[in-house]
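A quick write-up on the structure given underneath.
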Amino acid sequence: MKRHKQLFEQVCSFENLLAAARKAWLGKRARPSAAAFYARFEDEVVALRSELLGGTYEHGAYHYFQIHDPKERTVAAAPFRDRVVHHALVRVLEPIFEKRFIEDSYACRAGKGTHAAMRRAHQFTKAWPYALKCDIARYFPSMDHEILIGQIERVVADRAVLELVATILASHRDALEQVWEPGGDLFAVRERTRGLPIGNLTSQFFANIYLNPLDHFVKHDLKVRGYVRYVDDFLLFGKDRAELREHGRAVREKVGQLRLTIHPDKYRLLPTACGVDFVGFVCYPDGRRKLRRDRAGFRDYPLVQRVSAAMPGRANNRRPAAVSREARCGGRTERRGRLFYSPPSQLKKHHRIRRRLDLLDAHSPVPRVLAPGFRIDDTVGRRTVPCHDRGMRG
């Protein structure tokens, strides 16, 4: 395998850093850190280049915050000047590794994405009767830094670039493990770090590199024709259940060599006729494609159920009509495998539900009116109680 040298000069070139800064600025113009960087744009780029060439560059501290997408995740936001370095590094390394990625890896690559992955999985769903669904448990927090640097070293021979990669990896860790070497004594122990921050451009790029050996193993060693992967979520298709079970055992062993584990609750062998869940869609061999319920865009459905429970006279019999379509599909309907958007006029009831939710969450010592016949009573835990005269009493 060819190893590439003299890459650090490309990373630190003035033109590359300028292009990286402009790309990092996209969508971040209103952020104070980005605005401060661009207030002294050329001076900041020159200073950053001097630090990189002089070997004095140090990665800054992250800002951590929580998101729900739909499950809770911890996102790490790097300082803006460090994001410029991330973009500069990826701009040089990405074309080199892009040639080594398989065609059916769809995460964070030009011309790919979730919809392209869904369409490819849909093609395989029509062609094969069975699918094996796999997911890596805690993928980003579990990636081993030593294994990742070893994979990059197989392609990159520039020591300065490898040191920059190590600096970026050392800026964040989720776990520190002590590993005893096989055949060594009690004191033959090494410390190995794990974890990549969710939110870095480099983390997305490194995630593709880390599972690239698995992709080639499945395609070339197992010779599985129906295979598609998006980050840590991947599918194997086949026409024989026993063969897919054998492939599943081989995949588990290969994943274990990468110091990762398959999520036990997301490892399923199923007929494609039952629908294959992938990247937020459920694909069927008859051409249908559905949005998965937890990805439908209406994230407050449990709150709507709370409103329904608080209105026994109106919504206990069935789910409110405003929720029946929009809550599940976020304003989308499905016809013959295509997604259509409902016109705004059909979403008026949805907005009325939202106003009732806001009313339920209002903090006021005075009972407020929710609907004819019911009112919010803060003295009984902010729930609705019936008005005996069925009036609009407040």
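Which of the residues belonging to region 97-116 are under 26 Å from residue 6 (Cβ atoms), open to solvent by 20 Å² or more (accessible area, probe 1.4 Å) and assigned to a helix (DSSP H, G or I)? If the condition is that a residue be under 26 Å from residue 6 (Cβ atoms), open to solvent by 20 Å² or more (accessible area, probe 1.4 Å) and assigned to a helix (DSSP H, G or I), then 98 is the only one that fits.
Right, residue 277: farther than 17 Å from residue 140 by Cα, open to solvent by 20 Å² or more (accessible area, probe 1.4 Å), within 18 Å of the chain's Cα centre (by Cα) and not basic (Lys, Arg) or not? Full working, then the answer.
On the way: farther than 17 Å from residue 140 by Cα: yes; open to solvent by 20 Å² or more (accessible area, probe 1.4 Å): yes; within 18 Å of the chain's Cα centre (by Cα): yes; not basic (Lys, Arg): yes.
Yes, satisfied.
Residues are listed down the side, and each one gets a yes or a no for (1) assigned to a strand (DSSP E or B); (2) touching a Lys or Arg at 6+ places or on another chain (Cβ under 7 Å); (3) closer than 30 Å to residue 292 by Cβ:
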residue: 135; (1), (2), (3): yes, yes, yes
residue: 148; (1), (2), (3): no, no, no
residue: 173; (1), (2), (3): no, yes, no
residue: 219; (1), (2), (3): no, no, yes
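Filtered by the rule that a residue be over 17 Å from the mean Cα position of the chain (by Cα) and open to solvent by 20 Å² or more (accessible area, probe 1.4 Å), region 125-149 gives 126, 127, 128, 129, 130, 146, 147, 149.
Quick check, is residue 67 outside any helix (DSSP H, G or I) and under 23 Å from residue 149 (Cα atoms)? When the stated conditions are applied, residue 67 does not pass them.
Restricting 192, 173, 241 to those that are over 22 Å from residue 107 (Cβ atoms), touching a residue at least 12 places away in the same chain (Cβ under 8 Å) and over 27 Å from the mean Cα position of the chain (by Cα) reduces the list to 241. Applying a threshold of 8 Å to beta carbon distances and a minimum spacing of six or more residues, or different chains, the list of pairs starting in region 213-228 at a residue that is touching a residue at least 60 places away in the same chain (Cβ under 8 Å) and ending at one that is open to solvent by less than 60 Å² (accessible area, probe 1.4 Å) and polar (S, T, N, Q) reads 213/151; 215/105. Applying the selection to region 1-26, what residues are in contact with a helix residue (DSSP H, G or I) (Cβ under 9 Å, 6 or more places away or on another chain), in a loop (DSSP other than H, G, I, E, B) and either among the hydroxyl-bearing types (Ser, Thr, Tyr) or loosely packed, with under 13 Cβ neighbours inside 10 Å (or both)? The answer is 3, 13.
Can you say whether residue 68 is open to solvent by 80 Å² or more (accessible area, probe 1.4 Å) and touching a residue at least 40 places away in the same chain (Cβ under 8 Å), as far as the supplied structure shows? Please lay out each step first, then the result.
Values: open to solvent by 80 Å² or more (accessible area, probe 1.4 Å): yes; touching a residue at least 40 places away in the same chain (Cβ under 8 Å): yes.
Judged against the criteria, residue 68 is a match.
Here 91, 40 are screened, and the one residue that is surrounded by fewer than 14 Cβ atoms within 10 Å (Cβ to Cβ) and either of a type outside the set (A, V, I, L, M) or under 24 Å from residue 174 (Cβ atoms) (or both) is 40. Scan 7, 17 and give me the residue that is touching a residue at least 60 places away in the same chain (Cβ under 8 Å), closer than 24 Å to residue 196 by Cα and touching a strand residue (DSSP E or B) at 6+ places or on another chain (Cβ under 9 Å). Going through 7, 17 in turn, just one is touching a residue at least 60 places away in the same chain (Cβ under 8 Å), closer than 24 Å to residue 196 by Cα and touching a strand residue (DSSP E or B) at 6+ places or on another chain (Cβ under 9 Å): 7. Filtered by the rule that a residue be touching a Cys at 6+ places or on another chain (Cβ under 9 Å) and part of a helix (DSSP H, G or I), region 245-292 gives 248, 251, 252, 255, 266, 272.
For residue 31, are the conditions met, namely being open to solvent by 80 Å² or more (accessible area, probe 1.4 Å) and in contact with a helix residue (DSSP H, G or I) (Cβ under 8 Å, 6 or more places away or on another chain)? Spell out the reasoning first.
Numbers: open to solvent by 80 Å² or more (accessible area, probe 1.4 Å): yes; in contact with a helix residue (DSSP H, G or I) (Cβ under 8 Å, 6 or more places away or on another chain): yes.
Considered against the rule, which asks whether it is open to solvent by 80 Å² or more (accessible area, probe 1.4 Å) and in contact with a helix residue (DSSP H, G or I) (Cβ under 8 Å, 6 or more places away or on another chain), residue 31 comes out as yes.
For region 150-173, residues that are over 21 Å from residue 8 (Cα atoms) and either buried (at least 16 other Cβ atoms within 10 Å of the Cβ) or at pLDDT 95 or above (or both) total 1.
Condition check: farther than 30 Å from residue 246 by Cα, open to solvent by 20 Å² or more (accessible area, probe 1.4 Å) and modelled with pLDDT under 95. Does residue 119 satisfy that? Give the derivation first.
Working: farther than 30 Å from residue 246 by Cα: no; open to solvent by 20 Å² or more (accessible area, probe 1.4 Å): yes; modelled with pLDDT under 95: yes.
In short, no.
Just to be sure before I move on: is residue 84 open to solvent by less than 30 Å² (accessible area, probe 1.4 Å) and in a strand (DSSP E or B) in the structure I sent? It is false that residue 84 is open to solvent by less than 30 Å² (accessible area, probe 1.4 Å) and in a strand (DSSP E or B).
Would it be correct to say that residue 198 is within 27 Å of residue 112 (Cβ to Cβ), outside any strand (DSSP E or B) and open to solvent by 50 Å² or more (accessible area, probe 1.4 Å)?
Numbers: within 27 Å of residue 112 (Cβ to Cβ): yes; outside any strand (DSSP E or B): yes; open to solvent by 50 Å² or more (accessible area, probe 1.4 Å): yes.
Yes: the conditions hold for residue 198.
Closer than 30 Å to residue 273 by Cα and among the aliphatic types (A, V, I, L, M) - does that describe any residue in region 94-112? Yes, region 94-112 contains a residue that is closer than 30 Å to residue 273 by Cα and among the aliphatic types (A, V, I, L, M).
The values are calculated or read from the model by the stated rules, or taken from the named source; none is laboratory data. Here the structure is a predicted model, which is why all the values come from computation and not from measurement. So basically every Cβ, Gly included, is an ideal-geometry build from the backbone, and we count neighbours across all protein chains shown. We work out accessible area using only protein heavy atoms, side chains counted, and drop any ligands, DNA or RNA first. Shrake-Rupley method; radii C 1.70, N 1.55, O 1.52, S 1.80 Å.
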